[in-house]
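**Student:** Structure provided below as structure tokens; questions to follow.
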Amino acid sequence: MRDRHMEKGRITGIIFENIFRLSSILAIIALLMILGYIIYAGAPAMIDVGIREFLGGMEWRPTRDLYGIFPMLVGSTVVTAGAIIIGVPIGILTAVFLAEVAPEWLAKIVRPAVELLAGIPSVIYGFFGLLVIVPIIHSAFGNGGDSLLAAIIILSVMILPTIVTITETSIRAVPRSYKEGALALGASHIQAIFQVIIPAARSGILSGIVLGIGRAIGETMAVILVMGNSIKMPSSLLDRGRTMTANIALEMSYAAGQHQQMLFATGVILLIFIMILNFILLKLTRERQAK
């Protein structure tokens with residue numbers, strides 16, 4: 001009887017092991033198919049136009065066969081960097097508050113509110129930005145209000161749930177003995193948090209930041225509604241602009257031929273950018289583990 005039970009458990013373990021292996025293989029296949037198709041559809045046209053002209057060109061005029069994405073590359077970089085500068089400190093401090101400072105009754109109120117932000121559709125963020133943020137910017141600075149600054153504010157709010165959730169989980173995963181040891185050595189509560197717990201949770205925090213960056217780079221609808229969608233080189237945060245994702249979304253519905261291929265080429269650049277960010281995260285994490 002016991003041998004039969006053990007044999008049944010072994011067979012069940014083998015079945016689930018194969019299911020897990022198959023799931024991981026399918027995930028890898030899906031990733032490779034997406035990467036392969038985007039590169040197949042976009043890379044040849046990008047090479048035909050010229051990588052230097054494509055990345056460094058200042059004009060995007062498909063009717064004239066001009067496919068320069070530099071203004072959109074700058075727009076994507078600026079709004080993403082601005083969102084990270086604003087959103088990351090707020091997200092990390094909120095996570096610290098929830099994990100180490102807030103009483104349990106207050107954390108039970110704040111945590112669901114933060115998680116609810118992740119469930120709000122991006123178009124709702126865009127409506128809010130268009131009807132609230134844009135008029136405020138216009139009344140304060142003029143120039144219509146639809147600008148890079150409006151996109152930065154909206155994106156900084158949109159990435160908060162990702163950063164807060166992952167950072168809080170990483171902080172709670174740090175063994176309590178770390179904090180207790182710091183307190184025993186005379187550190188204050190705040191010193192223990194910022195000098196012991198956060199450095200120990202660094203790899204998880206970096207993962208949250210990278211996922212937040214990915215959310216900011218890939219956001220489309222909210223950015224379309226608040227950024228003005230002007231294909232020109234921005235000279236300040238109050239100028240209108242267009243991101244690469246917004247350009248793909250706005251033009252893919254009617255693009256054909258080389259125009260469509262160059263939109264796929266823009267997707268290739270986005271993929272490369274995300275891969276570089278993940279490589280940087282992996283390197284920073286390994287350096288931290290080596291220390």
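No lab work stands behind these numbers, since they all come straight from the coordinates. Note that this is a predicted model, so its numbers are computed, not measured. Heads up, the Cβs are rebuilt from the backbone with ideal geometry, glycines too, and the neighbour counts pull from every protein chain shown.
**Student:** What's the local net charge at ALA83, with K and R +1, D and E -1, over the other residues with C-beta under 14 Å away?
**Tutor:** Details: positive: ARG215; negative: GLU219.
Result for the neighbourhood of ALA83: 0.
**Student:** Is any residue of region 245-272 close enough, with backbone N under 14 Å, to a label point placed 7 angstrom from the Cα of ASP48 along the Cα-Cβ axis, and if so, which?
**Tutor:** Once the point is set 7 Å along Cα→Cβ of ASP48, 256-265 turn out to lie under 14 Å by backbone N, inside region 245-272.
**Student:** Tell me, LEU237, LEU282 in order of fewest to most beta-carbon neighbours within 10 Å? It would help to have the intermediate numbers written out before the result.
**Tutor:** Values: LEU237 17, LEU282 13.
Going from sparsest to densest Cβ surroundings: LEU282, LEU237.
**Student:** Working out 0.36 nm times the residue gap between PHE194 and THR77, then minus their Cα-Cα distance, what length gain in nm do you get to one decimal? The partial results should precede the final answer.
**Tutor:** Working: separation 117, 0.36 × 117 = 42.12 nm, distance 2.91 nm.
Extra length from PHE194 to THR77 when fully extended: 39.2 nm.
**Student:** For a quick check: with amide H placed at 1.01 Å from N, whose amide H comes under 5 Å from LEU66's, ignoring anything fewer than 5 positions away on the same chain?
**Tutor:** Close amide H contacts, sequence-distant or interchain: ARG61.
**Student:** I need the shape label for region 192-291. Rule: rounded when a/c is under 1.5, else prolate if a/b > b/c, else oblate, with a, b, c from the alpha carbon gyration tensor.
**Tutor:** Working: a/c = 3.37, a/b = 2.02, b/c = 1.67.
Verdict is prolate for region 192-291.
**Student:** What's the lysine pair count for the chain at a Cα cut-off below 28 Å, pairs eight or more apart or interchain? Don't jump to the answer; show the numbers that get you there.
**Tutor:** On the way: LYS108/LYS179; LYS179/LYS283; LYS179/LYS291; LYS283/LYS291.
Eligible lysine pairs with Cα atoms under 28 Å apart amount to 4.
**Student:** May I have the convex hull volume per residue, in Å³, for the Cα set of region 87-138?
**Tutor:** Numbers: hull volume 5.1 nm³, N = 52.
Looking at region 87-138, the number lands at 97 Å³ per residue.
**Student:** Further, regarding this structure: Rounded to two decimals, what is Rg over Rh for region 32-94 when you use alpha-carbon atoms and the Kirkwood radius? Please report the intermediate quantities before stating the final value.
**Tutor:** Numbers: Rg = 16.5 Å, Rh = 14.0 Å.
Rg divided by Rh gives 1.17.
**Student:** Let me ask something else. Taking region 2-55 as the region of interest, what is the percent of Cα-Cα pairs per 10 angstrom bin, listed from the shortest bin to the one with the maximum distance?
**Tutor:** Histogramming region 2-55 at 10 Å steps yields 21, 22, 18, 15, 11, 8, 5, 0 percent.
**Student:** Another question, then. I need the Debye-formula profile for region 49-194: one equal scatterer per C-alpha, no solvent, reported as log10 I(q)/I(0) at q = 0.11, 0.16, 0.20 1/Å, two decimals.
**Tutor:** -0.63, -0.96, -1.18
**Student:** Ok, one more. With a/c under 1.5 counting as rounded, go ahead and sort region 1-114 into rounded, prolate or oblate using the C-alpha gyration tensor (a ≥ b ≥ c being the square roots of the eigenvalues; past the cut-off, prolate if a/b is larger than b/c, else oblate).
**Tutor:** Numbers: a/c = 5.36, a/b = 1.36, b/c = 3.94.
Verdict is oblate for region 1-114.
**Student:** So what is the relative contact order for the chain, in percent, with contacts set as C-alpha pairs under 8 Å and at least six apart?
**Tutor:** Numbers: 355 pairs, mean separation 77.7, N = 291.
Once divided by the residue count of the chain, the mean separation gives 27 percent.
**Student:** For P(r) over Cα pairs in 10 Å bins from 0, in percent, the listed values are [x] 6, 24, 27, 20, 14, 7, 2, 0; [y] 7, 28, 34, 22, 8, 1; [z] 6, 21, 26, 23, 15, 6, 2, 0, 0; which was obtained by calculation from the structure presented?
**Tutor:** [z]
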